[in-house]
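See structure below.
The values are calculated or read from the model by the stated rules, or taken from the named source; none is laboratory data. Only a predicted model underlies this, so the values are computations on that prediction, with no experimental measurement involved. Here Cβ is always computed from backbone atoms with ideal geometry, including for glycine, and neighbour counts include all displayed protein chains. The protein model used for the area step is the full one, side chains on, heavy atoms only, and it has no ligands, DNA or RNA in it. Shrake-Rupley method; radii C 1.70, N 1.55, O 1.52, S 1.80 Å.
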Amino acid sequence: MVALIVALLMLGLSPVAALINRRSGYIACSAGSAVFVYYGMTNYSNELSLFYVAAGLVWLFTSVYSLYYDHHRWLGPLYTSSILGMAIALTTNNLLVFLAGYEIMTIPAYVTIGLYKKTDYSAFVFMGFGELSTILILAGFLYSYVVTGSLSFSPLTTITPFMIAAFGFMVKMGILPFMVTEWLPIAHGNAPSNVSAILSASMTLVAVYGLTKMALLTPRPDLFGFILLGVGGFSVFFGAFYAYVSDHAKVLLGFSTVENNGAILTSIGVYLTAPTHTLASFSLITTAVYVLAHSLAKTGLFLDTGMMENEYLILPRILKNRLSDVGGVLLASSMSGLLPTVGGVATWALLESLFMEAYTLHSALSIIPIVTGSIIAMGEGFATSTMLKFIIFAHIFNKRSSNEKTRPLILLLLGLLILAGGSATYIFYRPFLASNPALGLPFGLIASEFSSQPFGAISPLYVLILPSLIGALVLAVFGKPRIRRSEVWNSGAPLNEAYTSFAYSNNIRLMLGKLLLTHIGRDGVKVVDVFWSLTHTVAKLFVSFSRHFSRTYMNSRLSWYVIYMILALIVFTVVVVA
């Protein structure tokens, strides 16, 4: 408890210090973040302690990076204020204090986005959806107070408060159907790189934390849990899909955040619908590991964009440095769900939990986790290709030399932490060490009630080793492949002097043209976002309806206002009585 008080005091002083001297503010924030990490590590009895560790690590690395990045006098105070709000929301057990922290983290970020780009659009989009999230969460908390009579996070006897609040948290996470407006990639892509890192890596983490905490206090609702499970799966697919066809580095990473948040939502859905306590516990651990993996990797990749002269992958011109290259590859590998990184362990655990649930349900409902797992697997394929594109065009092409060491070293440390996290998760988490005689494997999947079942008992160690052995065998038999050179083909795009990031993903634009509304004209290939098109159509219909309604009924006639008041009184009375 002393560590928590010290951390909050240091984080609280950091905005004041940043007003006086920006470097002092970042140093105070770094120190407070380090203490916050220590608090999370020593508070291991709390099942949500890994959230504290993940958030503290994000703030620590981003604050140290900001010492060498900051270029606006107001960025330091706003950045540190937003982190203070996150810390308050993560550590309180009071509903109103949580909302206060939620707003403290949101409002400074809104100002930062507006100051950075000098445009209103992206900042207003962020604030609009941020306040929509707050309103829905407030409604859920108010209903919780009605049910429990307490302003604390208390066990609930009904799922309604959780359902209402869940939609509020899903807005902040950018989950479908709230992804259709693409507000999260737009807002996060238009912030400074250090702010983008905390927006995508820890602000959405606060939403996941709130959602998980409410889920732990709620009777497990099968139907709503399956809804969250399915929505999460589709969010993974479309988030990875739109990340793949994006050429703006930060927007690409914003869509990647939607993909990862969809995976986390799916894991929470498994927890809510799991037929056994063991599987529910495993899915809860999966959620925490996914949070850690996404937080660290996304922090590093957004900080990576801070070393680009141009945020478009067509011509990024990033710093040439071996440290950042190695770190970038490790971070992208984790975001791709590749072993032995912690992201690979998280992806494996999510897919295994889905197929285990399908096996243990033994009913027609088994089709839901099976289909969801298949959709997520396709999304992970897009995610791997997306991260490969990011590394190729940000770290291999269009480099410029630099003698800077500090920021590349931060990326390398994050990458090594990702690698160590994957190994530690596997080595120290006891379920990965359970034996499974049914398959003759020395290492199986989880717990005794699955140990006699041959289904779903392949550990990540075997997933890692088997392809490596097959690859080594192929190399030994056929030898090193010969290099074949051919003319550049830009996947249907106009042929340029070099292979571009646009050409890299143009195959999907052409193959899935019906979904992307791909148009091929004299100027090349253009894509119209089907979600934006649908949103625009609905908005036009709503404006037309509003105009017609206002001119017909809201015409200053006293009789209509009397009718409004009577109807409002009736509705209010029914709600109060109910």
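Does at least one position in the stretch 158-178 carry a residue that is hydroxyl-bearing (Ser, Thr, Tyr) and either outside any helix (DSSP H, G or I) or modelled with pLDDT of 85 or more (or both)? Yes, the conditions are met somewhere in the stretch 158-178.
Taking the criterion of being open to solvent by less than 20 Å² (accessible area, probe 1.4 Å), touching a Lys or Arg at 6+ places or on another chain (Cβ under 9 Å) and among the small types (Gly, Ala, Ser), would at least one residue in the stretch 64-72 satisfy it? Taking every residue of the stretch 64-72 in turn, at least one turns out to be open to solvent by less than 20 Å² (accessible area, probe 1.4 Å), touching a Lys or Arg at 6+ places or on another chain (Cβ under 9 Å) and among the small types (Gly, Ala, Ser). Of the helices (runs of 4 or more DSSP H) contained entirely in the stretch 1-72, those carrying at least 3 residues that are in contact (Cβ under 8 Å) with a residue 60 or more places away in the chain fall at 2-20, 49-66. Against the numbered list (1) open to solvent by less than 30 Å² (accessible area, probe 1.4 Å); (2) at pLDDT below 85; (3) among the aliphatic types (A, V, I, L, M), VAL53 comes up short only at (2). The single condition from (1) more than 20 Å from VAL2 (Cβ to Cβ); (2) surrounded by 19 or more Cβ atoms within 10 Å (Cβ to Cβ); (3) at pLDDT 85 or above; (4) over 20 Å from the mean Cα position of the chain (by Cα) that SER82 fails is (4). Which of the residues spanning the stretch 356-369 are part of a helix (DSSP H, G or I) and open to solvent by 70 Å² or more (accessible area, probe 1.4 Å)? Passing the criteria: TYR359, ALA364, LEU365, ILE367.
Taken together, TYR145, TYR116 contain a single residue that is among the hydroxyl-bearing types (Ser, Thr, Tyr), part of a helix (DSSP H, G or I) and modelled with pLDDT under 85, which is TYR116.
Candidates SER385, SER374: the one that is part of a helix (DSSP H, G or I), modelled with pLDDT of 85 or more and out of contact with any helix residue (DSSP H, G or I) (no Cβ under 6 Å at 6 or more places or on another chain) is SER374.
In the stretch 197-215, the residues that are over 10 Å from MET86 (Cβ atoms) form Cβ pairs under 6 Å with partners that are polar (S, T, N, Q), at six or more places apart or across chains, as follows: ALA197/THR62; ALA197/THR299; SER200/THR257; ALA201/SER295; ALA201/THR299; THR204/ASN261.
Taking the stretch 329-342, which residues are more than 18 Å from LEU303 (Cα to Cα) and either part of a helix (DSSP H, G or I) or open to solvent by 10 Å² or more (accessible area, probe 1.4 Å) (or both)?
Correct list: GLY337, LEU338, LEU339, PRO340, VAL342.
Contact map, the stretch 85-107: residues that are over 20 Å from LEU217 (Cα atoms) and of a type in the set (Asp, Glu) paired with residues that are surrounded by fewer than 17 Cβ atoms within 10 Å (Cβ to Cβ) and at pLDDT below 90, Cβ distance under 9 Å, separation 6+ or inter-chain. Pairs shown: GLU103/GLU131. In summary, ASN194 fulfils each of the numbered conditions (1) part of a helix (DSSP H, G or I); (2) at pLDDT 80 or above; (3) of a type in the set (S, T, N, Q) with the single exception of condition (2).
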